[in-house]
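Q: Sending over a structure as structure tokens; questions will come in a sec.
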Number of protein chains: 2
Amino acid sequence: MHRTRVTIVEEALDANNTIAQANRADFDRAGVTVVNFMSAPGAGKTTLLERVVADLPGVRAGVLEGDVQGSLDADRLAAKHVPVTQLNTDSGFGGECHLDANMVRSALPQLPLDDIDLLVVENVGNLVCPAEFDVGQHARAMVYALTEGEEKPLKYPVMFHACDVVVVNKIDLLPHLDVDLDRFVANVRAVNPTVRLIHLSARTGEGLQEWCDWLLALRRGA
Amino acid sequence: MHRTRVTIVEEALDANNTIAQANRADFDRAGVTVVNFMSAPGAGKTTLLERVVADLPGVRAGVLEGDVQGSLDADRLAAKHVPVTQLNTDSGFGGECHLDANMVRSALPQLPLDDIDLLVVENVGNLVCPAEFDVGQHARAMVYALTEGEEKPLKYPVMFHACDVVVVNKIDLLPHLDVDLDRFVANVRAVNPTVRLIHLSARTGEGLQEWCDWLLALRRGA
């Protein structure tokens, strides 16, 4: 039974990759750079987008907002006058825990691809499955809240390995935590030696410019 | 294709429920009370277990430790001289994001059921899927770190609805966060009006006794 199950999953991932390639081809044709933006729940994805997406010099950004249900985050981002498309995953069994390529494809007709240069796909808050599904992005970014502790890269290596940048958020809380930042960084390096790390506090603004610069550089390189 | 996929998932949940009933019957026969212990990554599940499982008066506790990979948490708990059984989910496609009844069943032969009264199943860190799979537990508990923000009960209602108790951890950080505790509690009540709430700081010890008392009362009621 176990063997059968693994086979089904592998076939599902094959299908996902085929659709992801089609998505990427459509994004490329439209000249839109796409970031798959991931984290555990509450790490600060929406806040980091609120702070930058409306103010990227020369870049028109849009957001595809993935949630199990509701539109709380999309409402926050729409208030920044950025085009936001909501994608809910709760049509399945109480809610899928990640976005896949087919879900993103189903949203393509609603995306204003002619009016944006950069699309941030805000994934469902989860450190496991979102990293396993290519949605057609050009880069993967994750936010990690220091409050989550120093050992998570070793426990969730697929996510940390998959990302091009790790934004280390809530750095302002470091004096109040039993967390060793150097050890966290060493753990990240153990699973992804070359990943870009940005230390940031969405609350104080420290590091926000570096996050903007990363998005701008990604767009320029596209 | 979507319809087919939902059917498969529903069948999988049916099978899961059948196996969960068998697990619960085995636990009942052995006189062991079982808690399914869930949270997002880094909320503090392992720390809360470290603080109490070795010192529950008159109750012999054991832990079934679910992780995608590695045994970091099991090692921490074994140091407390509590029987710990490790269950890794990474034999699938990079790691399942939750425990299901069949995974727990596969661990039954390794569990020292004759030597314990209370088994805590520490689930994979994830606010979505773990709540959807009965593993054969008698109660569900979750830990929520206040650092995750005040709106998560509305975004992940299945988890908050499924639980018998929500341990609100990291309460010592409240002065340093832009989080309204009253609003968080109201959001919890909106999806689960009767759930028990325990405000706690694993760091300062505030609320730990209430968490112990909840586990002891659960055991007495079994």
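Q: Keeping all protein chains in place and using 1.4 angstrom, which order do A:63, B:158 fall into by accessible surface area, from largest down?
A: B:158, A:63
Q: Taking the full set of protein chains and a 1.4 angstrom probe, give the accessible area of residue B:210 in square angstrom, rounded to the nearest 10.
A: Per-residue accessible area (residue B:210): approximately 70 Å².
Q: Once you have the Kirkwood Rh of the protein assembly as shown from its Cα pairs, apply Stokes-Einstein at 10 °C and 1.306 mPa s and quote D in µm²/s. Walk me through the intermediate numbers first.
A: Details: Rh = 22.4 Å.
The diffusion coefficient I find is 71 µm²/s.
Q: Chains A and B: buried accessible surface, both sides, probe 1.4 Å, rounded to 100 Å²?
A: On the way: alone 10560 and 10570 Å², together 17290 Å².
Using a 1.4 Å probe on protein heavy atoms, the buried area is about 3800 Å².
Q: How big is the charge dipole of the stretch B:89-222 about its Cα centre, in debye rounded to the nearest 20, if each Lys and Arg gets +1 on its Cβ and each Asp and Glu gets -1 on its Cβ? Present the calculation step by step, with values, prior to reporting the outcome.
A: Values: 11 positive and 20 negative charges, 50 e Å.
With Lys and Arg at +1 and Asp and Glu at -1, about 240 debye.
Q: Also, I was wondering about something else. Once the label point is placed 7 Å from Cα along Cβ, list for residue B:204 the distances to the corresponding points in the other copies, in nm, shortest first.
A: 2.2
Q: Please give the per residue accessible area of the stretch A:41-141, computed with a probe of 1.4 Å over protein heavy atoms only, in Å².
A: On the way: 3200 Å² over 101 residues.
About 32 Å² of surface per residue is accessible.
Q: Which of A:173, A:191, A:137 sits closest to the plus end of the dipole of the stretch A:130-222, meaning its Cα is farthest towards the positive end, when Lys and Arg get +1 and Asp and Glu get -1 on the C-beta?
A: Checked the options; the winner is A:137.
Q: Shortest first and in nm to one decimal, what separations exist between residue A:14 and its copies in the other chains, measuring from label points 7 Å along the Cα-to-beta-carbon line?
A: In ascending order, 2.7 nm.
Q: Quick one: in the stretch A:65-132, what % of C-alpha pairs are over 21 Å apart? Intermediate results must be reported in sequence, preceding the final value.
A: Values: 496 of 2278 pairs.
Within the stretch A:65-132, distances greater than 21 Å cover 22 percent of Cα pairs.
Q: If you average 1/r over every pair of different alpha-carbon atoms in the stretch B:104-219 and take one over that average, what Kirkwood value in Å do you get? Display every interim value, and only then the final one.
A: Working: mean 1/r = 0.0649 Å⁻¹.
About 15.4 Å, per the Kirkwood formula over Cα pairs.
Q: If you don't mind, there's one more thing I want to ask. Counting only protein heavy atoms, what percent of the accessible surface of chain A is carbon or sulfur at a 1.4 Å probe? Mind dumping the intermediate values first?
A: Details: 4310 of 8640 Å².
Of all accessible area on chain A, carbon and sulfur atoms account for 50 percent.
Q: So what is the calculated 222 nm ellipticity per residue for chain A, using -39500 (n - 2.57) for each DSSP H run with n of 4 or more, over all residues, to the nearest 500 deg cm²/dmol? List each step's numbers first, then the result.
A: Working: 8 runs with 86 residues, N = 222.
Counting only the DSSP helices, I get -11500 deg cm²/dmol.
Q: Which one, A:101, A:120, A:153, projects farthest toward the positive side of the charge dipole computed for the stretch A:81-174 from Cβ point charges (K/R +1, D/E -1)?
A: Selected residue: A:153.
Q: Divide, for the stretch A:38-181, the radius of gyration over alpha carbons by 2.2 N^0.38 Å, where N is the residue count.
A: On the way: Rg = 15.3 Å, N = 144, 2.2 N^0.38 = 14.5 Å.
That ratio works out to 1.05.
Q: While we're looking at this one, here's another question. Give the nm distances, rounded to one decimal, from residue B:81 to the matching residue in every other copy, measuring between label points 7 Å along Cα toward the beta carbon; shortest first.
A: 6.6
Q: Could you tell me which helices of chain A pass both thresholds, a Cα extent of 15 Å or more along their own axis and a mean Kyte-Doolittle hydropathy of at least 0.0, with helices taken as whole DSSP H runs? Display every interim value, and only then the final one.
A: On the way: long enough: A:2-30 (42 Å, -0.69); A:181-191 (16 Å, 0.62); A:208-221 (20 Å, -0.16).
Span-like helices, by this rule, are A:181-191.
Q: With a probe of 1.4 Å, find how much accessible area the stretch A:142-196 has per residue, and write the answer as a whole number in Å². Please list the in-between numbers first.
A: Numbers: 1980 Å² over 55 residues.
Per-residue accessible area for the stretch A:142-196 comes out at 36 Å².
Q: In a Gaussian network model over chain B where Cα atoms closer than 10 Å are linked, find which of B:136, B:62, B:205 has the largest mean-square fluctuation.
A: B:205
The values are calculated or read from the model by the stated rules, or taken from the named source; none is laboratory data. No experiment lies behind these values; they were computed from the predicted model shown. Because the Cβ atoms are built from the backbone with ideal geometry, glycine has one as well, and the counts that use them run over all protein chains shown. For the accessible areas, the whole protein counts, side chains as well, though only heavy atoms, and no ligand, DNA or RNA atoms are used. Shrake-Rupley method; radii C 1.70, N 1.55, O 1.52, S 1.80 Å.
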